[in-house]
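Only one structure is covered here, and it is reproduced in the block below.
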Amino acid sequence: ANPSQSPVALTKVASFFTAQDESSADEIARELDSKYIVIDNQTAMGMFYAMVRWAGKERSEFFDIYYLPQENQLVPVQLFYPEYYRSLSSRLYNFDGKAVTLVSAIVIAYEDTTDDKGTPYKLITAVQQFTSYEEAAAYLLKQETGNYKIVGTNPFISPVPLAALAHYRLIHSSDGSITVQDVGAVSEVKIFEQIDILPDSTFFYI
C-alpha cells in the first residue's frame, strides 16, 4: 500500500483501493505501472480508514459508528455503506474479485443527536431487513423525511450486488488466516495479477 514516501504515489495507491469502479482503478494501475496487487486484512479492514484519508476522502463516505439502544444503554456498532463494498479494496480482498449477486440489505433510520457533554453521535431509531438491494433502494425513495441508510454489518457480506472484476485474477492466498464471523477462515494476504484484456475488435496475426 505504500510503495514510496512520495505523496503522489501514496495518493494514487489509496485512490486505487478506494475506487468505486474498475475502469478508474485500471487507469491508476496503468499510471503506477503495476502488474500485481498485494493486499492484507489490515489494508482492507483495520487500516482502511488510512487509505480513505490518503485518497483525500472522508471515512463517513464508507462507514461510520452508530449507537444502538439495548437494555437501557447505547451500544456502539460499526456499519458499512455500499461505497465500502464497491471499493476495489473490498472487491479484491473480501470477495476475491468475484461477482456478488445474492444479497440482503439492511436499512436503518437514525437521528443526529448529542450526549450530555454535547458530543454528537448517530442514534439508530429503526432497523429493517430487505431481501434484496433493489427493495431497500425502493424503500429509501419513498421516505420523504428523516435519515435513512443502506448498510452492512459484516465487511464480507455485501448488501449490494457486485459485478465480477474483469482485469484482476487471484493468484496467491497466504496460509495464515483470520477468522471472520459468519464467513470462516480468510487468508491474511492475497495477491492479484492485473490482466490486460484486448477489445473484441482488436486482433493480432502472426
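The values are calculated or read from the model by the stated rules, or taken from the named source; none is laboratory data. Being a predicted model, the structure only gives us computed values, none of them experimental. Cβ: placed from backbone, ideal geometry, glycine included. Neighbour counts: every protein chain shown. Only protein heavy atoms, including side chains, enter the accessible area calculation; ligands, DNA and RNA are left aside. Shrake-Rupley method; radii C 1.70, N 1.55, O 1.52, S 1.80 Å.
For the reader, a short list of remarks on this structure follows.
- In terms of its alpha-carbon gyration tensor, the stretch 86-143 comes out oblate; a/c meets the 1.5 threshold, while b/c is at least as large as a/b.
- Estimated dipole of the chain in Debye, rounded to 20 [Cβ of Lys and Arg +1, of Asp and Glu -1, Cα centre]: 180 debye
- Percent carbon-and-sulfur accessible area, the stretch 1-116, ignoring ligands, DNA and RNA, probe 1.4 Å: 49 percent
- Shown here: the chain, whose C-alpha atoms stretch 72, 38, 34 Å along the first, second and third principal axes, sorted largest to smallest.
- In this structure the amide hydrogen of PHE156, modeled in the peptide plane, comes within under 5 Å of no amide hydrogen from residues 5 or more places off or on another chain.
- Using alpha-carbon coordinates, inclination of helix 7-18 to the longest axis of the chain, degrees: 70 degrees
- Sum of side-chain charges, ILE178 neighbourhood, beta-carbon under 11 Å (Lys, Arg +1; Asp, Glu -1): -2
- Helix 133-142 and the longest principal axis of the Cα set of the chain meet at an angle near 50°.
- Per residue, the chain exposes 58 Å² of accessible surface when a 1.4 Å probe is rolled over the protein heavy atoms with every protein chain present.
- Counting 0.36 nm for each residue step from VAL38 to SER60 and taking away their Cα separation leaves a gain of 5.4 nm.
- Share of Cα-Cα pairs in the stretch 56-118 lying beyond 13 Å, as whole percent: 75 percent
- For GLY146, the shell of other residues with beta-carbons less than 12 Å away shows a net charge of -1, using +1 for Lys and Arg and -1 for Asp and Glu.
- Local net charge near ASP21, Cβ-Cβ under 13 Å (Lys/Arg +1, Asp/Glu -1): -2
- Farthest towards the positive end of the charge dipole of the chain, among the residues PHE17, GLY118, VAL180, is the Cα of PHE17, using unit charges on the Cβ of Lys, Arg, Asp and Glu.
- DSSP-loop GluC sites (Glu not before Pro) across the stretch 76-179, with at most 11 other Cβ within 10 angstrom: GLU144
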